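One structure is given here, and the rest of the page talks about it.
The values are calculated or read from the model by the stated rules, or taken from the named source; none is laboratory data. Computed from a prediction, not measured in an experiment: that's the story for all the values here. Cβ sites come from the backbone with ideal geometry, for glycine too, and all protein chains shown count toward neighbours. Ligands, DNA and RNA are stripped out before the accessible areas are found, and what is left, the full protein with its side chains, is counted by its heavy atoms. Shrake-Rupley method; radii C 1.70, N 1.55, O 1.52, S 1.80 Å.
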Amino acid sequence: MKRVLLVLALVAGLMPLVSFQTTATAAEAQWTPPLSTRGRYVVDADGRRFKLKAGNWHGASGTWNGSGDPEADANHHAGENSGRVPLGLDRVALDTIVAQFVATGINSVRLPFSNEMVHDTRPVTDAAVAANPALRGLTPLQVYDAAVAALTGAGLAVILNNHTNTTRWCCGVDGNERWNASQSDDTWQSDWLFMVRRYRTNPRVVGADLYNEVRRNVWDDPNWGLGDNHDWFAAAQRLGDRILAEADPDMLIIIEGINWTGIPVDGFAHGRPTLEPVRTLSPALVRSGKLVLAAHFYDYTGPHHSGATGVGETSDPRYRDLSRDELFATLQQEAFYVADEAARHYTAPLWVSEFGIGRFGSDAKSRAWFANFVDYLVAHDTDFAYWPLVGWQDNGTGNGWALLSWDRSGHLLGIDDGGDWRAADWHRLVAAPGRTGVVEPVAHWAMLSPDHGDFVQSLRMRALPDWDSGARKAACPDGQRLVGLARDGNRSLCTDAGREPAWPVSSAAQVVTSERYVTTDWAGGYTKFQCPDGSFLIGYAVRGATVSSALCAPSGAAMPSGGRTVWFDRGDNRPADAHGGDFASGHYKGQCGDGEYAAGIAFTRRIGSNGAPAALFCRGL
């Protein structure tokens, strides 16, 4: 059937969105947006598993190599000139491209864009959209609009991906190494808010992949948690929160790990951290159930190999050089643990949002890597996105990485054409058995990390005045309670495990800075900030290491009294079966049980002590 999707401009004065026809398919009836997460799984609005079986449709973020005439095909990656739009629109009709995507078995598309594309007012050339005359005279952003609407009109989910700052091929030392390499952090954030708001009325635009392959530039490394302007953890955390709070609360927030640090020369430290740092420092968004973590894997790169040949090449093994067992152990260490280890502060769906290989010129070692990698994706029921979906071909030859390649006359060379050796592995991956149906809700676990400033993840508290001016503050996401606290380093753990006490909308949180609510001396000789009876801890504030205040939320129902003291001033004190994972690596920490809530913090300022937390008062739910 034919369906018309009319999308209107969201904000007066912005470049208008376009309207057009697209062919709907049976895929529309297979899932209900929006998407969220339950533990390691992405689920739809009905709680049914929605495995991201995706591909990358590149081009709008650029294919130009960065030197020579941008209009000359020879100056583009593999000679494929996208013309600043999704690749292939010069050769085949948009609806035909989308129909072929559906035929490959995918249900979603990662759609890269550049920040330059967002602001580019130059119309695309007629040649770039030669097979789609309705797109002539449009800006790159308006052509991107058309692609989004065609994809979602066919029932596919779309994940927006900020691939580069400038419109050019990624990824090297190219001015696009970080989200703020060729632009300010403010521009990056405002562009994202603009893009998410632009598609908010289209429920099948489901995710925001915040930036692609964060890596070293000539002089500096990105980092995960140092608090400077190269801190990818902090930047992604801030933007993810802003998108959910200011633009679209239904968006999935997709955060890739760090792709490369160090100088790729033998004898110098270098490597591919990927998601390893997440084990000890994980994002905690203002809305629970919205985080997806992502990683990229190619045979020619490696745990400590940049992927280069010649300049930048080291003697380190590439992934294809690893034995099957070595490869699997490396994948688990670098990324797959986040999905495989349940009930941790870092547990999230893992999306391998890029992997791929060429049909031409791949040797036996590369082919073995691809088969082994697909085996691992299948065995771990992992969400994935192949790179790329679309390419060019000429009489059956070409770059050969795409699943679908068209020649200038619009003739298709697909993965099932011409004896493509990848076909069996691709079909095995797409059709692999895995978890389906309704995924039951699971407890959320969140790490609070006010290492360099406030870490207030409660939207309700963010809407209120500063509750402890001058102190560093941390608060759990709404719907969660504090259950763990570190002696030093100020980190903590939140959850909604067990019978979560409700915080009525009509009731205000209370800041406690004295012992006025202490009814029994549960930490003799220590200062105790205790919530009133019927209230539970949701946050705290510190000045340096010293506890400054406790933040308590009233419960809408009666809560048990009594309680027990959990000391952690001289070592870890966590339940033997504690969930949540190590939320303060290298520091003493205390934690209430899953069926308890924290009602108080004890500390001391006596000589030799710095006023850091020493004990929690835990009560049963």
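Put simply, of Arg168, Arg200 the only residue that is assigned to a loop (DSSP other than H, G, I, E, B), of a type in the set (D, E, K, R) and at pLDDT 95 or above is Arg200.
A search for C-beta distances below 9 Å between a residue of the stretch 484-500 that is more than 13 Å from Ala598 (Cα to Cα) and any residue that is among the basic types (Lys, Arg) and surrounded by fewer than 21 Cβ atoms within 10 Å (Cβ to Cβ), counting only pairs 6+ apart in sequence or on different chains, returns Arg487/Arg570; Asn490/Arg472.
When the test is whether a residue is among the aliphatic types (A, V, I, L, M), touching a helix residue (DSSP H, G or I) at 6+ places or on another chain (Cβ under 7 Å) and open to solvent by 20 Å² or more (accessible area, probe 1.4 Å), Ala509 passes it. The numbered conditions (1) open to solvent by 20 Å² or more (accessible area, probe 1.4 Å); (2) touching a strand residue (DSSP E or B) at 6+ places or on another chain (Cβ under 9 Å) are all true for Gly539 except (1).
Might you let me know whether the stretch 189-206 holds any residue that is open to solvent by 20 Å² or more (accessible area, probe 1.4 Å), without any contact (Cβ under 8 Å) to a residue 60 or more places away in the chain, more than 28 Å from Val124 (Cβ to Cβ) and among the polar types (S, T, N, Q)? No, that holds for no residue.
Residues are listed down the side, and each one gets a yes or a no for (1) at pLDDT 95 or above; (2) open to solvent by 60 Å² or more (accessible area, probe 1.4 Å); (3) touching a Phe, Trp or Tyr at 6+ places or on another chain (Cβ under 8 Å):
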| position | (1), (2), (3) |
| --- | --- |
| Cys552 | yes, no, yes |
| Pro560 | no, no, no |
| Arg564 | yes, yes, yes |
| Asp572 | yes, yes, yes |
| Gly595 | no, no, no |
| Thr604 | yes, no, yes |
| Ala615 | yes, no, yes |
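So, of the residues in the stretch 258-286 that are among the β-branched types (Val, Ile, Thr) and closer than 28 Å to Ala245 by Cα, which turns out to be most open to solvent (accessible area, probe 1.4 Å)? That would be Thr280.
For Trp445, state whether it is among the aromatic types (Phe, Trp, Tyr), touching a residue at least 40 places away in the same chain (Cβ under 8 Å) and surrounded by 19 or more Cβ atoms within 10 Å (Cβ to Cβ). Quick ask: steps written out before the conclusion?
On the way: among the aromatic types (Phe, Trp, Tyr): yes; touching a residue at least 40 places away in the same chain (Cβ under 8 Å): yes; surrounded by 19 or more Cβ atoms within 10 Å (Cβ to Cβ): yes.
The answer is yes for Trp445.
So, in the stretch 252-272, of the ones that are in contact (Cβ under 8 Å) with a residue 60 or more places away in the chain and in a loop (DSSP other than H, G, I, E, B), which residue ends up farthest from Asn161 (Cα to Cα)?
Arg272
Across the stretch 303-313, which residue is farthest from Asp363 (Cα to Cα) among those that are at pLDDT below 95 and not small (Gly, Ala, Ser)? Per the criteria, the residue is Val311.
Just so you know, in the stretch 207-244 the residues that are touching a Pro at 6+ places or on another chain (Cβ under 6 Å) and closer than 16 Å to Leu293 by Cβ include one that is surrounded by the most Cβ atoms within 10 Å (Cβ to Cβ), and it is Val214.
If you take just the strands (runs of 3 or more DSSP E) that sit entirely in the stretch 550-621, which of them hold at least 1 residues that are farther than 18 Å from Arg344 by Cβ?
Values: elements: 564-567, 589-591, 596-603, 613-620.
Passing ranges, in order: 564-567, 596-603, 613-620.
Taking the criterion of being at positive phi and assigned to a loop (DSSP other than H, G, I, E, B), the only residue of the stretch 273-296 that qualifies is Gly289.
Output the residue which, of all residues in the stretch 402-414 that are surrounded by 23 or more Cβ atoms within 10 Å (Cβ to Cβ) and touching a residue at least 60 places away in the same chain (Cβ under 8 Å), is farthest from Ala128 (Cα to Cα). Here the answer is Leu403.
Go through the residues of the stretch 245-255 one by one and say whether even a single one is within 12 Å of the chain's Cα centre (by Cα), within 27 Å of Ser306 (Cβ to Cβ) and either at pLDDT below 95 or open to solvent by less than 10 Å² (accessible area, probe 1.4 Å) (or both). Within the stretch 245-255, one or more residues are within 12 Å of the chain's Cα centre (by Cα), within 27 Å of Ser306 (Cβ to Cβ) and either at pLDDT below 95 or open to solvent by less than 10 Å² (accessible area, probe 1.4 Å) (or both).
Please tell me if Pro575 is in contact with a Ser or Thr (Cβ under 9 Å, 6 or more places away or on another chain) and farther than 10 Å from Ala599 by Cβ. No, not satisfied. Taking the stretch 83-119, which residues are under 24 Å from Asp69 (Cβ atoms), assigned to a loop (DSSP other than H, G, I, E, B) and open to solvent by 10 Å² or more (accessible area, probe 1.4 Å)? Across the stretch 83-119, the qualifying residues are Gly83, Arg84, Asp90, Arg91.
Pairs are defined by a Cβ separation below 8 Å, a sequence spacing of at least 6 or placement on different chains, a first member in the stretch 369-381 that is farther than 22 Å from Glu341 by Cα and crowded, with 17+ Cβ neighbours inside 10 Å, and a second member that is at pLDDT below 95 and among the hydroxyl-bearing types (Ser, Thr, Tyr); the pairs so defined are Phe370/Ser362.
Looking at Ala54, Ala45, which is the one that is at pLDDT 50 or above, out of contact with any Gly (no Cβ under 7 Å at 6 or more places or on another chain) and outside any loop (DSSP other than H, G, I, E, B)?
Working: Ala45 fails: outside any loop (DSSP other than H, G, I, E, B).
So the residue among Ala54, Ala45 that is at pLDDT 50 or above, out of contact with any Gly (no Cβ under 7 Å at 6 or more places or on another chain) and outside any loop (DSSP other than H, G, I, E, B) is Ala54.
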